[in-house]
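Student: Here it is: the structure, laid out below.
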Amino acid sequence: MLEIRLIRDDIDAVAARLQKRGFTLDIDRIRSLEEERKQVQVETQDLQAERNQRSKAIGRAKAAGEDIQPLKDEIAGLGDKLKAVSGRLDTLQAELDTLLLSVPNLLHDSVPEGLDENDNVEIRRIGVPQAFSFSPRDHVELGEALGQLDFERAALIAGSRFATLNGGLARLQRALIQYMLDTHIEQHGYTEVYVPYLVNSESLKGTGQLPKFEQDLFKIDGESDYYLIPTAEVPVTNLVRDQILDAVSLPQRMVTHTPCFRSEAGSYGKDTRGLIRQHQFEKVELVQIVKPEHSYEALEQLTGHAEVLLKSLELPYRVMLLCSGDTGFSAAKTYDLEVWLPAQNAYREISSCSNFESFQARRLKARWRNPETGKPELVHTVNGSGLAVGRTLLAIMENHQNEDGSINIPAVLQPYMRGQQRLEKASS
RNA sequence: GGAGAGGUGGCUGAGUGGUCGAAAGCGGCGGUCUUGAAAACCGUUGAAGGGAAACCUUCCGGGGGUUCGAAUCCCUCCCUCUCCGCCA
């Protein structure tokens, strides 16, 4: 959410910056709503002040033993008038809030202009794709040949866009999770957290998934206001909702592993094969709560933390700076890490690292007390995948495959696999 | 699931219809004293919105209601605690 003051002060400049990402701000509607809001608010507050004054006078008169009936008569009608005006104020405020909640974040100046992913800018490219002496198979073929990846069983149990793993592959996924968590905890200074996988709508509103992106979520049917988390960003960032944090507690660096659930509505026919786009997948998520002046530094640092994993897993990747049209709703600036997939002969997203500046913090009312001003001020939030585990698993399968269909386990994962060096058909 | 007790400022905790945004204590900040610190004493100390400011409004778990007036009464939801039952 943007600061209403910013919009009030210079709505044209804000609208111009939003246009950069293809969002058209309804200037006239906001102007007229704001104008009426201001007038109705003053009116409401005047009436409230009058009511308070007169009620206190009645209190005094009563204490003095005077007849209060005449005073009560004088006030007749004020209540109804107040109710009408404040009702109107509530309506106006609600309309403005709804409008503001669906306005995306302003982009950082360093974000290149562009329409879609084709305009994203490659920042750096690390690692060289392996030259195979045979035609590399994709992870579906490899996994099914190993007998350790099964989409048919999953379709039977749940439906499309689910997978079952068994034996070595299931263990390798678990090894990846442990390795990623341990690396961030031990080398990058993150604190591990464990959080709910079901969250309420307030939390989703706080991080920006609601109200605009309800169709991407799985909602739990019933009385309770629960959604399955689409990313751990939601519960973890909400740890600081409605808080005024101590300056010395910043930055907060948190890491967690959770499953993530996405409806993938609107992605019919896209990535239908394999593990790339599933309704359920595992992800290790990095979240930082920082002072505003450090958030861009934190974004670079956090992106680097995710990159460490790709390097150590010997996976070639590139870092993309998303252009204005491709940057997500809540983000001010985003780097995507894209891993090389030999079977697709392409780089595919495996991590997305964003600085949200105060956009989420404003919705979350997540603040810190600035010692310089003594006042509560909004924090900045930064997060990124470190990494998407399912996609990492398939990247390992495809990049580290052998001609016989076995898969080399990267050295850093072997300690988590009792020293096992390869996944083979016999292994389990 | 059944029965009961609660949710008040950074914390503890008073307040059951009227100058209550809220006593008191702790903590924080500033000062006096001191070579310095501690102690003691004095002062100060919540958040949000509107306004250039004076100042005004709102907030005592959330929402709704009664009343001239609600932290206080009523309804409803959420959460915490105790006991019983059930359970990974």
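The values are calculated or read from the model by the stated rules, or taken from the named source; none is laboratory data. If you're wondering where the values come from, they're calculated on a predicted model, not measured in any experiment. So basically every Cβ, Gly included, is an ideal-geometry build from the backbone, and we count neighbours across all protein chains shown. SASA here: full protein model, heavy atoms, side chains in, ligands and nucleic acids out. Shrake-Rupley method; radii C 1.70, N 1.55, O 1.52, S 1.80 Å.
Student: Only one residue in A:Asp80, A:Asp9 is closer than 30 Å to A:Gly114 by Cβ and surrounded by fewer than 12 Cβ atoms within 10 Å (Cβ to Cβ). Which one?
Tutor: Working: A:Asp80 fails: closer than 30 Å to A:Gly114 by Cβ.
Just a single option satisfies the conditions, and that option is A:Asp9.
Student: Can you find, within the stretch A:205-261, the residue that is surrounded by the most Cβ atoms within 10 Å (Cβ to Cβ) among those that are hydrophobic (A, V, I, L, M, F, W, C), within 17 Å of the chain's Cα centre (by Cα) and within 16 Å of RNA strand B (Cβ to nearest atom)? Walk me through it before giving the result.
Tutor: Restricting attention to the stretch A:205-261, the residues satisfying the condition of being hydrophobic (A, V, I, L, M, F, W, C) are A:210, A:213, A:217-218, A:220, A:228-229, A:232, A:234, A:236, A:239-240, A:244-245, A:247-248, A:250, A:254-255, A:260-261.
Applying the additional criterion that residues be within 17 Å of the chain's Cα centre (by Cα) yields A:210, A:213, A:217-218, A:228-229, A:232, A:234, A:236, A:239-240, A:254-255, A:260-261.
Then keep just the ones that are within 16 Å of RNA strand B (Cβ to nearest atom); that gives A:239-240.
Values: A:Leu239: 16, A:Val240: 25.
Top of the filtered list is A:Val240.
Student: Hand me the list of strands (runs of 3 or more DSSP E) wholly inside the stretch A:341-382 holding 2 or more residues that are within 30 Å of A:Lys311 (Cα to Cα) and assigned by TED's automatic domain parsing to the domain that holds A:Val284.
Tutor: Result: A:346-357.
Student: A further question follows. Out of A:Gln420, A:Gln360, A:Gln414, report the one residue that is modelled with pLDDT of 95 or more, touching a Gly at 6+ places or on another chain (Cβ under 9 Å) and of a type in the set (S, T, N, Q). Can you show your working first?
Tutor: Details: A:Gln360 fails: modelled with pLDDT of 95 or more; A:Gln414 fails: touching a Gly at 6+ places or on another chain (Cβ under 9 Å).
Among A:Gln420, A:Gln360, A:Gln414, only A:Gln420 is modelled with pLDDT of 95 or more, touching a Gly at 6+ places or on another chain (Cβ under 9 Å) and of a type in the set (S, T, N, Q).
Student: Return the residues of the stretch A:60-86 that are in contact (Cβ under 8 Å) with a residue 12 or more places away in the chain and within 8 Å of RNA strand B (Cβ to nearest atom); say none if nothing qualifies.
Tutor: Looking only at the stretch A:60-86, we keep the residues that are in contact (Cβ under 8 Å) with a residue 12 or more places away in the chain, and these are A:71-72, A:74-75, A:78-79, A:81-82, A:85-86.
Matches in the stretch A:60-86: A:Leu71, A:Lys72, A:Ile75, A:Leu78, A:Gly79, A:Leu82.
Student: Here is a follow-up. Output the residues belonging to the stretch A:106-133 that are farther than 30 Å from A:Lys311 by Cβ and either of a type in the set (A, V, I, L, M) or surrounded by 14 or more Cβ atoms within 10 Å (Cβ to Cβ) (or both). If you could, list the steps in order and put the result at the bottom.
Tutor: Filtering the stretch A:106-133 down to residues farther than 30 Å from A:Lys311 by Cβ leaves A:106, A:113, A:115.
Within the stretch A:106-133, A:Leu106, A:Leu115 meet the criteria.
Student: Out of the stretch A:2-18, which residues are within 12 Å of RNA strand B (Cβ to nearest atom) and part of a loop (DSSP other than H, G, I, E, B)? Outline the logic, then answer.
Tutor: Of the stretch A:2-18, the ones within 12 Å of RNA strand B (Cβ to nearest atom) are A:3-9.
Passing the criteria: only A:Glu3.
Student: A:Val195: touching a residue at least 24 places away in the same chain (Cβ under 8 Å), open to solvent by less than 60 Å² (accessible area, probe 1.4 Å) and either in contact with a helix residue (DSSP H, G or I) (Cβ under 7 Å, 6 or more places away or on another chain) or not in a strand (DSSP E or B) (or both), yes or no?
Tutor: Values: touching a residue at least 24 places away in the same chain (Cβ under 8 Å): yes; open to solvent by less than 60 Å² (accessible area, probe 1.4 Å): yes; either in contact with a helix residue (DSSP H, G or I) (Cβ under 7 Å, 6 or more places away or on another chain) or not in a strand (DSSP E or B) (or both): yes.
Here the answer is yes, as A:Val195 does meet what is asked.
Student: Something else: Pull out all pairs, ordered by first then second residue, where Cβ-Cβ is under 7 Å, the residues are six or more apart or on different chains, the first lies in the stretch A:132-145 and is touching a residue at least 24 places away in the same chain (Cβ under 8 Å), and the second is open to solvent by 50 Å² or more (accessible area, probe 1.4 Å) and of a type in the set (Lys, Arg).
Tutor: Pairs that qualify, where the first residue is touching a residue at least 24 places away in the same chain (Cβ under 8 Å) and the partner is open to solvent by 50 Å² or more (accessible area, probe 1.4 Å) and of a type in the set (Lys, Arg), are A:Val140/A:Arg273.
Student: Same structure, new question: Looking only at the stretch A:262-307, count every residue that is assigned to a helix (DSSP H, G or I) and either crowded, with 16+ Cβ neighbours inside 10 Å or modelled with pLDDT under 95 (or both) and tell me the total.
Tutor: First pass over the stretch A:262-307, keeping only residues assigned to a helix (DSSP H, G or I): A:292-307.
Cutting the leftovers down to either crowded, with 16+ Cβ neighbours inside 10 Å or modelled with pLDDT under 95 (or both) gives us A:292-296, A:298-299, A:301-303, A:305-307.
Residues meeting the conditions: 13.
Student: When only residues in the stretch A:23-43 that are touching a residue at least 12 places away in the same chain (Cβ under 8 Å) and in a loop (DSSP other than H, G, I, E, B) count, which is farthest from the chain's Cα centre (by Cα)?
Tutor: First, pick out the residues of the stretch A:23-43 that are touching a residue at least 12 places away in the same chain (Cβ under 8 Å): A:23, A:25-27, A:29-31, A:33-34, A:36-37, A:40-41, A:43.
Subsequent filtering for residues that are in a loop (DSSP other than H, G, I, E, B) retains A:23, A:25-26.
Working: A:Phe23: 19, A:Leu25: 23, A:Asp26: 25 Å.
Checking each candidate, the answer is A:Asp26.
Student: Would you mention how many residues in the stretch A:19-40 are open to solvent by less than 90 Å² (accessible area, probe 1.4 Å) and within 12 Å of RNA strand B (Cβ to nearest atom)?
Tutor: 3
Student: Just give me the residues in the stretch A:340-362 being within 16 Å of RNA strand B (Cβ to nearest atom) and crowded, with 22+ Cβ neighbours inside 10 Å, in sequence order. So that I can check it myself, show each step before the final result.
Tutor: Filtering the stretch A:340-362 down to residues within 16 Å of RNA strand B (Cβ to nearest atom) leaves A:358-359, A:361-362.
Passing the criteria: A:Ser358, A:Phe359, A:Ala361.
Residue by residue, here is whether (1) closer than 27 Å to A:Asp90 by Cα; (2) at pLDDT 90 or above; (3) assigned by TED's automatic domain parsing to the domain that holds A:Glu357 holds:
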{"residue": "A:Leu2", "(1), (2), (3)": "yes, no, no"}
{"residue": "A:Arg5", "(1), (2), (3)": "yes, no, no"}
{"residue": "A:Gln19", "(1), (2), (3)": "no, yes, no"}
{"residue": "A:Arg60", "(1), (2), (3)": "no, no, no"}
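Student: Please tell me if A:Gln148 is assigned by TED's automatic domain parsing to the domain that holds A:Arg51 and either within 24 Å of A:Ala343 (Cβ to Cβ) or within 12 Å of RNA strand B (Cβ to nearest atom) (or both).
Tutor: On the way: assigned by TED's automatic domain parsing to the domain that holds A:Arg51: no; either within 24 Å of A:Ala343 (Cβ to Cβ) or within 12 Å of RNA strand B (Cβ to nearest atom) (or both): yes.
When the stated conditions are applied, A:Gln148 does not pass them.
Student: Also, I was wondering about something else. Of everything in the stretch A:29-57, what is closer than 23 Å to A:Gly77 by Cβ and of a type in the set (S, T, N, Q)? Give them in sequence order.
Tutor: Matches in the stretch A:29-57: A:Gln39, A:Gln41, A:Thr44, A:Gln45, A:Gln48, A:Asn52, A:Gln53, A:Ser55.
Student: Which of (1) within 27 Å of A:Leu149 (Cα to Cα); (2) more than 21 Å from the chain's Cα centre (by Cα); (3) touching a residue at least 40 places away in the same chain (Cβ under 8 Å) does A:Ser351 not meet, given it meets every other one?
Tutor: Here A:Ser351 clears every test but (2).
Student: Given the conditions (1) near RNA strand B (Cβ under 9 Å from one of its atoms); (2) over 24 Å from A:Glu202 (Cβ atoms); (3) touching a helix residue (DSSP H, G or I) at 6+ places or on another chain (Cβ under 6 Å), and given that A:Glu43 satisfies all but one, which numbered condition is not satisfied?
Tutor: (1)
Student: Another one. Considering only the stretch A:229-257, state which residues are touching a Lys or Arg at 6+ places or on another chain (Cβ under 8 Å) and closer than 16 Å to A:Asn200 by Cβ.
Tutor: Taking the stretch A:229-257 and keeping what is touching a Lys or Arg at 6+ places or on another chain (Cβ under 8 Å), we get A:230-232, A:241-247, A:250-251, A:257.
If the condition is that a residue be touching a Lys or Arg at 6+ places or on another chain (Cβ under 8 Å) and closer than 16 Å to A:Asn200 by Cβ, then A:Pro230, A:Thr231, A:Ala232, A:Arg241, A:Asp242 are the ones that fit.
Student: Quick one: how many residues across the stretch A:396-411 are of a type in the set (Gly, Ala, Ser) and touching a Lys or Arg at 6+ places or on another chain (Cβ under 8 Å)?
Tutor: Going residue by residue through the stretch A:396-411, those that are of a type in the set (Gly, Ala, Ser) are A:405-406, A:411.
Next, from what is left, pick out any that are touching a Lys or Arg at 6+ places or on another chain (Cβ under 8 Å): A:405-406.
Here the count works out to 2.
Student: A further question on this structure: Does A:Arg51 meet the test of being within 16 Å of RNA strand B (Cβ to nearest atom) and assigned by TED's automatic domain parsing to the domain that holds A:Asp80? Working first, answer last.
Tutor: On the way: within 16 Å of RNA strand B (Cβ to nearest atom): yes; assigned by TED's automatic domain parsing to the domain that holds A:Asp80: yes.
It is true that A:Arg51 is within 16 Å of RNA strand B (Cβ to nearest atom) and assigned by TED's automatic domain parsing to the domain that holds A:Asp80.
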